[in-house]
Amino acid sequence: MKSQDELKQAAAAAAFAYVRERLDERSVIGIGTGSTANRFIDLLAGVRARVTATVASSEASAARLRGHGLPVFDLNVVDGIDIYVDGADEANAALQLIKGGGAALTREKIVAAVAREFVCIADESKFVPVLGGFPLPVEVIPMARSHVARELVKLGGNPVYRQGVTTDNGNIILDVYDFALPEPLETEAAINNIVGVVTNGIFAHRPADLLLLAGANGVRELRA
Ligand code: 5RP
């Protein structure tokens with residue numbers, strides 16, 4: 001049986017093959033955050049001469065890209081993003097996701113919103129019938145922490161302050177436990193409506209376009 005690390009590597013390799021086929025000198029590649037995205041970055045380094053521009057979804061990914069000699073641009077200076085590759089904490093059959101385990105959800109959501117195509121890479125343990133087994137990350141302006149926590153309790157969740165974590169945007173994370181998400185579109189909007197929330201880790205209004213899901217029998221390509 002393959003380990004989770006091997007499956008993450010297989011998903012990253014499938015995304016690399018997918019991107020390499022589509023890459024030209026004008027391509028701008030959006031880069032995700034986390035251990036699966038890191039594997040994709042490391043593979044991209046092998047074709048660095050063909051990579052003109054990347055936009056990173058976190059300072060950690062930007063540093064890793066630069067460490068490989070890959071060009072990283074601010075989102076505001078590129079015309080768009082052709083393809084965005086990122087991992088997820090959970091995915092359902094509609095390719096709606098929970099993201100933010102690495103606290104990068106806001107920049108990830110921005111890059112996903114701009115990208116023409118969003119390719120999600122994950123091992124099959126992340127594929128679930130209903131989102132919400134993974135505690136939902138919510139990025140919050142620090143002074144609003146208690147207010148937002150009370151509002152999340154009213155929505156039915158159990159928010160827990162992620163100790164010792166400051167996001168790249170200078171904010172804090174509340175992880176919402178015991179929060180099944182049968183209606184991700186509605187819940188994404190409801191949480192984002194709470195004053196003090198920057199964004200939450202439900203990617204339902206902008207789901208992935210393609211999920212490359214690595215399992216024991218290879219990598220499956222799922223489209224919604
Ligand atoms: C970071 C994320 C990651 O994509 C998510 O946490 C998955 O990480 P990994 O690939 O390490 O399992 O959303 O904010």
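The values are calculated or read from the model by the stated rules, or taken from the named source; none is laboratory data. Every value quoted in this text rests on a predicted model; they were computed, and no experiment measured them. Using ideal geometry, Cβ is built from the backbone for each residue, glycine included, and neighbour counts are taken over all protein chains shown. Quick note on the areas: whole protein, heavy atoms, side chains included, nothing else; ligands and nucleic acids left out. Shrake-Rupley method; radii C 1.70, N 1.55, O 1.52, S 1.80 Å.
With every protein chain present, what accessible area does Val219 have (1.4 Å probe, heavy atoms only), rounded to the nearest 10 Å²?
Here the accessible area works out near 60 Å².
Per 5 Å bin from zero, what fraction in whole % of the C-alpha pairs of the stretch 1-89 is there, up to the bin with the longest pair?
In whole percents, the pair-distance histogram is 3, 15, 28, 27, 17, 6, 3, 1, 0.
Could you give the accessible area per residue of the chain, probe 1.4 Å, as a whole number in Å²?
45 Å²
Mind jotting down the three principal axis lengths of the stretch 68-127 based on Cα atoms? Whole angstrom, largest first.
35, 24, 18
Counting only protein heavy atoms and a 1.4 Å probe, tell me what percentage of the stretch 16-158's accessible area is made up of carbon and sulfur.
Carbon plus sulfur share of accessible area: 53 percent.
If packing is taken as the average count of other Cβ atoms within 10 Å, what order do 10-16, 150-156, 137-143 fall into, highest mean first?
Highest to lowest by the protection proxy: 10-16, 137-143, 150-156.
Using only Cα atoms and rounding to the nearest 10 degrees, what angle (0 to 90) does helix 145-154 make with the longest principal axis of the chain?
80 degrees
On a 0 to 90 degree scale, rounded to 10, what angle separates helix 4-22 from the longest Cα axis of the chain?
60 degrees
What Kirkwood hydrodynamic radius, in Å, does the chain give when the mean of 1/r is taken over all pairs of distinct Cα atoms and then inverted?
17.5 Å
Rounded, prolate or oblate: which one fits the stretch 91-224, using the alpha carbon gyration tensor with axes a ≥ b ≥ c (rounded when a/c is under 1.5, else prolate when a/b beats b/c, else oblate)?
Because a/c hits 1.5 or more and a/b exceeds b/c, the stretch 91-224 counts as prolate.
In the chain, if the dipole is taken from +1 on Lys/Arg beta carbons and -1 on Asp/Glu beta carbons about the Cα centre, which of Ala11, Ala60, Ala149 is farthest to the positive end?
Of the options given, the answer is Ala60.
Can you give the helix-only mean residue ellipticity at 222 nm for the chain, where every DSSP H stretch with n ≥ 4 adds -39500 (n - 2.57) and the sum goes over all residues, rounded to the nearest 500 deg cm²/dmol?
Mean residue ellipticity at 222 nm (helix-derived): -9000 deg cm²/dmol.
With an 8 Å cut-off on Cα pairs and a minimum separation of 6 or more residues, tell me the relative contact order of the chain in percent.
22 percent
Using heavy-atom solvent-accessible surface (probe 1.4 Å) with all chains present, what is the largest-first order of Lys99, Lys126?
Lys126, Lys99
If you place +1 on the Cβ of every Lys and Arg and -1 on the Cβ of every Asp and Glu, how big does the dipole about the Cα centre of the chain come out, in debye to the nearest 20?
For this selection, approximately 280 debye.
Can you give the FRET efficiency to the nearest 0.05 for Asn192 and Glu25, using r as the Cβ-Cβ distance and R₀ = 35 Å?
Using R0 = 35 Å, I get an efficiency of 0.40.
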